[in-house]
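Q: Just dropping this structure here.
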């Protein structure tokens, strides 16, 4: 969606404009510092005409969405068992980020484009083409802006962020959606290209040499320096890895313009693949899901008698899909590199994490988003101790089986079950479940319903699992063989063999409640976006009555990051109006020049690594030899 940067010779687009001469077909591998902008086409960078007066701080905010689950292409790839990180003849893009042009403008949606669509009449919004992929204007608006704004947050999700970070009406959106089995390392690389593309076309900073040489005679020119153009990045789910790459891409661009430091805030929500999952940990995880929890099951979809199953047929199909995740033949969840492993390999992780804050509920561990959790040693606005465990609710046959750290260090909740054994529910889980719909009869235009809470859903699953395990043990004792799910108990309801039918029914009942538990985990995954301002979400847990409070996710984020966020807070006008522009600029100057503010800047040198340069060569400049040097999972290499 951002303006194009290819030359007219290569695009045949008469609307593409050139600020400086067309770059050579094979750009030099390392642009000269302070000169990089001269090779860009369509950046809008022209000769400065500085205003008089003090410089002005103007923030920019970038939102990086996660997976677009409604995409037809996503279902198509799942059906054919394709991961579209590497484009091929059979891959489709759908609503995912482009893998054929990894710095595609159609994966960037700017505030200007948003405002233009919002001003259109209904016909143009619903029928007019919104981007080069053929999607309508309204569809594009919903795909980018709509991911962050809904009736749940009064359509002010992105606006609240933007106002807080001095970036009102400077909100931009980047597509972080990838294939379901996409690897975090690839998404980080893809984000580097998109961040670099956004920076050179929309981040209005100028070469350090130019600003420094003119600031004495025209102080306003400092408005075009990174300290006066802070960037805040908010990323969710799959978009967390893409967002990390976006940050590195824009830092790389600032470094090319000669800037040694930049102002950057990062917020990661519902983090997907914070760590790798491989080796013994992966094998034990698969064993736990398949053998201990009994999730690996074939419900005989092809069974000709399946038409008799009624509504349960959909439950069986869903559980068959879940079971596919735990196939050792496909290894869909196996990844050697998650976010932290890749970031440690390609940049200065210690410097990077100091500018980042995360929020992921401890019961955001659904199978479809596995693995989710906290990035180690990064500040957390949810669980201050950081929770990188693989599971949400867990079942144990006896209290003695519960690992000691669960209760002492992690403060998990222990619940005795009526059917035997016990259930462990993690601290800092979202317990209250809320469903919000539009309702014009309500004063605020929405209706809020409270569903059965997560603790109750987990208890139902725990009791069903305990019963199934007990009956399965009894069946083995009576029959002398292990229980295996099969079709006979459904074809012939009256047929029974040592209680086989009773075990089969208990198994299906357990999986039904497991599906409900999965729904609860996915609710926890989505909540930091839609319900970020909801005042009723956190109170039922009990864990959030700490120093950050339980008023809302947004308030916890602000309190957890108040001493690390780079932002200016202006004094309120006594009459309720906006402060005068001159007063704001004076405060901007004091803030930027303050020694404490300078400590919040990040060195652009963390993006001057050989690997990150190769990503830009490969994904922005089209250098195939550079792409060959990028990381691939061992099974892909």
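Values in this text are rule-based calculations from the coordinates and carry no lab data. Since we're looking at a predicted model, the values are computed, not measured. All Cβ positions, even for glycine, are placed from backbone atoms using ideal geometry, and neighbour counts span all protein chains on display.
Q: Starting from the 7 Å offset along Cα-to-Cβ, what nm value, one decimal, do you get for the label separation of residue 563 and residue 448?
A: 3.2 nm
Q: Further, regarding this structure: Report, in whole Å, the centroid distance computed from the Cα atoms of segment 104-131 and segment 541-613.
A: 31 Å
Q: Right, next: Between residue 122 and residue 154, what FRET efficiency follows from the Cβ-Cβ distance if R0 is 22 Å, with the result rounded to 0.05?
A: Efficiency, from the Cβ-Cβ distance: 0.50.
Q: If you don't mind, there's one more thing I want to ask. Taking the beta-carbon count within 10 Å as an exposure proxy, list 538, 630 from fewest neighbours to most.
A: Ordered from fewest to most neighbouring Cβ atoms within 10 Å, 538, 630 come out as 630, 538.
Q: Multiply the residue separation of residue 441 and residue 52 by 0.36 nm, subtract the distance between their alpha-carbon atoms, and state the gained length in nm to one decimal.
A: 134.8 nm
Q: Using a Förster radius of 22 Å, what is the FRET efficiency between residue 582 and residue 168 based on their Cβ-Cβ separation? Nearest 0.05, please.
A: Approximately 0.70, to the nearest 0.05.
Q: Another one. To the nearest 0.05, how large is the calculated FRET efficiency for residue 332 and residue 595 if R₀ is 60 Å and r is the Cβ-Cβ distance?
A: Using R0 = 60 Å, I get an efficiency of 0.75.
Q: If you don't mind, another one. Given the peptides 185-194, 216-225, 284-293, arrange them by the average over their residues of other C-beta atoms within 10 Å, most packed first.
A: 185-194, 216-225, 284-293
Q: Something else about it: Sorted from fewest to most neighbouring beta carbons within 10 Å, what does the list 136, 212 look like?
A: 212, 136
Q: Sorted from fewest to most neighbouring beta carbons within 10 Å, what does the list 568, 620 look like?
A: Going from least to most buried by this count: 568, 620.
Q: While we're here: Test of understanding: what is the full-extension gain from residue 115 to residue 456, defined as 0.36 nm times their sequence separation minus their Cα-Cα distance?
A: Fully extending the segment from residue 115 to residue 456 adds 118.3 nm.
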